[in-house]
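The values are calculated or read from the model by the stated rules, or taken from the named source; none is laboratory data. As the structure is a computational prediction, the values presented were derived from the model and not from experiment. Neighbour counts run over all protein chains shown; Cβ positions are idealised from the backbone, glycine included. All accessible areas refer to the heavy atoms of the entire protein, side chains included, with ligands and DNA or RNA removed. Shrake-Rupley method; radii C 1.70, N 1.55, O 1.52, S 1.80 Å.
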There are 2 protein chains.
Amino acid sequence: MNFADRVNSVVVERRSQIVVGLDPDPAALLPAAAAEARGDSPAQLAATAVLHHCELLIEALAPVCAGVKFQLACFERLSAPGWAALEGAVAAARRAGLIALADAKRGDVPHTAAAYAQALLGHTPTPWGNVGGLGADAVTANPLLGRDSLEPIVSAARAGGAGVFVLVRTSNPGAAEIQDRSDAGPPLHDRLAELVDDLGAEGIGACGLADVGAVVGVTEPQLIAGLREKMPRAILLLPGVGAQGGDVSALAPVFSAGPAAGLVTAARSIVDPALESGDVVDARNAAQSLREQTWSVAGS
Amino acid sequence: MNFADRVNSVVVERRSQIVVGLDPDPAALLPAAAAEARGDSPAQLAATAVLHHCELLIEALAPVCAGVKFQLACFERLSAPGWAALEGAVAAARRAGLIALADAKRGDVPHTAAAYAQALLGHTPTPWGNVGGLGADAVTANPLLGRDSLEPIVSAARAGGAGVFVLVRTSNPGAAEIQDRSDAGPPLHDRLAELVDDLGAEGIGACGLADVGAVVGVTEPQLIAGLREKMPRAILLLPGVGAQGGDVSALAPVFSAGPAAGLVTAARSIVDPALESGDVVDARNAAQSLREQTWSVAGS
């Protein structure tokens, strides 16, 4: 099944465009998760607690969210047990019916991009049998190396009904320096948007959206309508609300292409209330509030 | 000790600017390494064989090389055992006195960039004790997200005497589309080169080179002199010779800043001869030939 159609059915069924970002810090976990740490080394203890933390949040948030975005850095820093925890957390998200998004931001020469596609979306043949990859439903990808660096990831994703979100305009302040760079010509983010539109052209689902989407930060709302125009069929993954100060009400142009044409991702503003109280219900309430605001802006 | 000074002393002592790229494919390992596969799962079997493959090549190549560049994708695709193999291979390179370079090409918002720095260069504090990171001597980083995405990686590297190589002009054909993009103004790679020069300004060693370098492909030799001019103190990591067709003789301008001002990285052209014969001596011979060519072009 086409990735965009999968996203569309999850969004419509759950009436939610919310993707919760999980970037667990082992020093700030739910107390109930920290108590479940098991193992012989700091890495094992921390990784088992991190996995439990993710599982508790996924369970609490599944009814109000469309997906989960895992920040790979936060698992890689826990060494091999961290990678195992990431696999467990992706599996938990999928079991809960959520879109599992690997926020990897990988970008490399074609030969290496194919290896990342095996790691995140596919599998790796070896003389000892196939090694399964992460099994993500979608990945984020960095386009600095150009079209040939994205193609192996797009084609692996497409073959498995998964999706790719290409960085077009990120939400950090430093993004302006490179991505909005224009000199006399159009800014780089416009060129990246054209590339996204082009890469998705052969992956359009029945819902009219494509399996190649784009990351577009909500922090520069004046850019959104123009980028939507250049990528009329892309699902936009929208970071920058909440802790980073972006405003959901600026998102109306995103949803001209339908209710699944935008996924709002937030991490700290959803998870922190639960960390403060120790009760995952507070994360669900924060996600529910963002869900209602977004659903209303989407006019669905 | 400043990273550039460390590189300088390795290069001068070994009379080599060669960094061998290791991007192991479990389906194409040295037969002696494949025979050492151990474990209960395809991932464990493949990862132990991959580690042994790396160890054999590192042992054979240490006398003629300055460093080893590990392609992270090739380890991540072997799941948690792959990450453990990567740690073992980095440790083997360091034991052999080589600069261990994690070719990660990470680039993310500042909060996440700091987590990648913990994973690759530092450690992660947890309630169960510190979790050590990969312990690389240097990492590659993607600058698409701008200065604030690079700063956490540069400052973690600098604090530990490690280095960062920022992608300025990669060696794949698709790089032209984005990195050489200029419209009416200067191309993006020039802006990235200025950013590299600036980030390195506070990390200049006694040898006159900086701890922030740049990846510059050898595949477009006409760009090299101009980029060197914009980054007079950067160590350039130079992919694209050998299998990708780049020519070492074009590298003279690189070495205007000294013998350690350029590191030539090659993977397949060094490793493939050993895979064909089954004898690591053939990898050493290929590296030795590239070492002599480069040393002579560097005029050292």
Q | Karplus-derived 3J(HN,Hα), 6.51/-1.76/1.60, for each residue of the stretch B:223-235, Hz, glycine and proline x | A | 8, 5, 4, x, 5, 4, 4, 6, 10, x, 10, 8, 7
**Q.** Neighbouring partner chain Cβ atoms per residue of B:128-137, average, 10 Å criterion
**A.** 5
Q.
So if I take the centroid of the Cα atoms in the stretch B:72-103 and the same for the stretch A:213-232, what is the distance between those two points in Å?
A. 38
Q.
Using a Debye calculation, one point per C-alpha and no hydration shell, please list log10 I(q)/I(0) for the stretch A:59-102 at q = 0.14, 0.19, 0.23, 0.33 Å⁻¹ in order.
A. -0.31, -0.54, -0.73, -1.11
Q.
If DNA, RNA and ligands are ignored and the probe is 1.4 Å, what is the ranking of A:Met231, B:Met1 by accessible area, most exposed first?
A. B:Met1, A:Met231
Q.
Under the rule of at least 5 residues apart or a separate chain, name every residue whose amide H is placed under 5 Å from the amide H of B:Gly135.
A. B:Leu121, B:Gly122
Q: Among A:His123, B:His111, B:Gln179, flag the residue with its Cα farthest along the positive direction of the charge dipole of the protein assembly as shown, charges on Cβ as +1 for Lys/Arg and -1 for Asp/Glu.
A: A:His123
Q | Listed residues B:Gly21, B:Gly200, B:Gly174, most fluctuating in chain B (Gaussian network, C-alpha, under 10 Å) | A | B:Gly174
Q.
Only sites in a loop by DSSP and with at most 16 other Cβ atoms within 10 Å count here; which trypsin sites (Lys or Arg not before Pro) in the stretch B:1-82 make the cut?
A. B:Arg15, B:Arg38
Q) Hull surface divided by four, with the convex hull built on the Cα atoms of the stretch B:1-122: how many nm²? A) 8.2
Q. What average count of beta carbons from other chains do you get within 10 Å of the Cβ of residues in B:97-110?
A. 4
Q: Compare the Cα positions of A:Leu86, A:Ala62, A:Ala49 along the charge dipole of the stretch A:39-94 (+1 at Cβ of Lys, Arg; -1 at Cβ of Asp, Glu; about the Cα centre) and return the one farthest towards the positive end.
A: A:Ala62
Q) Based only on the alpha carbon positions, what is the Kirkwood hydrodynamic radius of the stretch B:219-300, in angstrom? A) 13.3
Q) Which value, in Å³ per residue, describes the convex hull spanned by the Cα atoms of the protein assembly as shown? A) 128
Q | GNM result for chain B, Cα springs below 10 Å: residue of B:Ala252, B:Ala89, B:Ala283 fluctuating most strongly | A | B:Ala252
(Q) Per residue, how large is the accessible surface of the protein assembly as shown? Use a 1.4 angstrom probe and give square angstrom. (A) 32
Q | Rh (Kirkwood; distinct C-alpha pairs) - the stretch B:119-187, Å | A | 14.1
Q) Average partner chain C-beta neighbours within 10 Å, per residue of B:46-53? A) 2
Q | Debye, to nearest 20: dipole size of the protein assembly as shown, +1 on Lys, Arg Cβ, -1 on Asp, Glu Cβ | A | 160
Q: May I ask you to evaluate 6.51 cos²θ - 1.76 cosθ + 1.60, the Karplus curve with θ = phi - 60°, for each residue of the stretch A:192-197 and list the ³J(HN,Hα) values in order in whole Hz, giving x for glycine and proline?
A: 5, 5, 5, 5, 4, 4
Q) Mind listing the phi-derived Karplus ³J(HN,Hα) values for the stretch A:11-23, rounded to whole Hz, using 6.51, -1.76 and 1.60 with θ = phi - 60°, and x for any glycine or proline? A) 4, 5, 5, 8, 6, 8, 10, 8, 10, 7, x, 10, 10
Q: Using the structure shown, select from A:Lys230/B:Lys69; A:Lys230/B:Lys230; A:Lys105/A:Lys230 the pairs with a Cα to Cα distance greater than 31 angstrom.
A: A:Lys230/B:Lys69; A:Lys230/B:Lys230
Q) Once the Cα atoms of the stretch B:127-273 are picked out, what are the Rg and Dmax in Å? A) 15.7, 55
Q) Farthest toward the dipole's positive end in the stretch A:176-300, which of A:Val271, A:Gly213, A:Ala261, given Cβ charges of +1 (Lys, Arg) and -1 (Asp, Glu) about the Cα centre? A) A:Ala261
Q: Name the most mobile residue of B:Asn130, B:Asn172, B:Asn285, meaning the one with the largest mean-square fluctuation, in a Gaussian network model of chain B with Cα contacts below 10 Å.
A: B:Asn130
**Q.** For chain A: span of alpha carbons on each principal axis (Å, largest first)
**A.** 57, 50, 38
Q) With labels modelled as points extended 7 Å from the Cα through the Cβ direction, what inter-label distance (nm, one decimal) is found for B:Arg268 paired with A:Ala206? A) 4.2
Q | Rough spin-label spacing in nm, given labels placed 7 Å along Cα→Cβ, for B:Arg94 and B:Ser9 | A | 1.6
Q: About the Cα centre of chain B, how large is the charge dipole given +1 on each Lys and Arg Cβ and -1 on each Asp and Glu Cβ? Please answer in debye to the nearest 20.
A: 400
Q. How large is the Kirkwood hydrodynamic radius of the stretch B:58-201, in angstrom, based on all distinct alpha carbon pairs?
A. 16.3
**Q.** Amide proton proximity set for B:Val215, modelled H, under 5 Å, gap of 5+
**A.** B:Val166, B:Leu167, B:Val168, B:Arg169, B:Leu237
Q: Calculate the dipole size of the stretch B:163-271 relative to its Cα centre from +1 charges on Lys and Arg beta carbons and -1 charges on Asp and Glu beta carbons; express the result in debye to the nearest 20.
A: 280
